[in-house]
1. What distance in nm separates the two pseudo spin-label positions at residue 225 and residue 151, each 7 Å out from Cα along the beta-carbon direction?
2. Classify region 88-223 as rounded, prolate or oblate, taking a ≥ b ≥ c as the square roots of the eigenvalues of its Cα gyration tensor: rounded when a/c is under 1.5, otherwise prolate if a/b is larger than b/c and oblate if not.
3. How big is the charge dipole of region 88-223 about its Cα centre, in debye rounded to the nearest 20, if each Lys and Arg gets +1 on its Cβ and each Asp and Glu gets -1 on its Cβ?
4. Going highest first, how would you order 81-91, 199-209, 168-178 by mean Cβ packing within 10 Å?
5. Using 7 Å Cα-to-Cβ label points, what is the residue 176/residue 215 separation (nm, one decimal)?
6. With a sphere of radius 10 Å drawn around the Cβ of residue 86, what net charge do the other residues whose Cβ falls strictly inside it have (Lys, Arg +1; Asp, Glu -1)?
7. Could you work out the relative contact order of region 88-223? I mean the mean sequence separation of Cα pairs under 8 Å and 6+ apart, divided by the number of residues, in percent.
8. Kindly list the residues of region 107-140 that lie in the label zone of residue 160, defined by a backbone N under 16 Å from the point 7 Å along the Cα-to-C-beta vector.
Amino acid sequence: MRVLSTPVRVPVLPLIAVLLPALLLAGCGVSTGERAVGADGTSDVRTAPPLADVEPLADVRDWEGEAVVAAEDEVDPVAESPVQQLPVTLTDAQGTKVTVEDASRVLALDVHGTLARTVAELGLSDVLVGRDVSTQVEGLDDLPLVTQDGHDLVAEAILELDPTLLVTDTSLGPWDVVLQVRDAGVPVVVLEPERTLDNVGSLVRGVAEALGVPEEGEALARRTQQEIDDVTAEIARVAPADDGRRLRTVFLYVRGQSGV
């Protein structure tokens, strides 16, 4: 058995990032294609069946060839240009009281790229003025970068965009850059850096509260939770009950120079 995966773009929410290992362990995938390699060395790429169509009794240990897995990057807003209810005063994850009076020029930055996508899913992609390197979803990938050398924040690049709000967490640094942006008078809302299936809703609501669209945040949180529940149920249906029949996966994240 040989399963290879392409780099996965983490969506708005950590849904695919968290569920993808489980999907592979269950012997199925999201937006997958399977490449069978023949004896003559040629390959034939074909689309794997949807998770709902996977045969529960199949022994996934008999699968051969490559399974190419990639998360979908299409944004599906819950609203179209919602009206922002501002100003709003909130207490962020660090206990800092923040007042947001203007959210017309927003930077939503984290190492996963989830915060910017959340803004877009709320229907407010037009307020985003820049992005981190992890934000590569369709419609946002042309925004100016404010990170360099991977995930390092650049104060000059951020302030040059004249943001009226920065939504971030502690997954990007240097942290002195975030403090510099706050000292420059830009409201900074810091959210929890943890990404699990249990805090998806709170993260969505946190972004929505900072942008003044709490109703859209509640709608997006409910929709995403339903998606999580649906996929979790599908995994439970097809995953072998016997641990010995489940896939054992080795995940290699290799980057750097060619000598690695």
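1. If labels sit at residue 225 and residue 151, their model points lie 2.8 nm apart.
2. Details: a/c = 1.39, a/b = 1.22, b/c = 1.14.
Cα axes put region 88-223 in the rounded bin.
3. Numbers: 9 positive and 25 negative charges, 68 e Å.
With only Lys, Arg, Asp and Glu charged at Cβ, the dipole is about 320 debye.
4. Values: 81-91: 13.5, 199-209: 21.2, 168-178: 17.9.
Highest-to-lowest ranking by the protection proxy: 199-209, 168-178, 81-91.
5. 4.6 nm
6. On the way: positive: none; negative: 101, 102.
Net of charged neighbours comes to -2.
7. Across region 88-223, relative contact order equals 26 percent.
8. 129-133
Read-outs: derived from the displayed coordinates by stated rules, not from any lab. Quantities reported herein were computed from a predicted structural model and do not represent experimental measurements. Because the Cβ atoms are built from the backbone with ideal geometry, glycine has one as well, and the counts that use them run over all protein chains shown.
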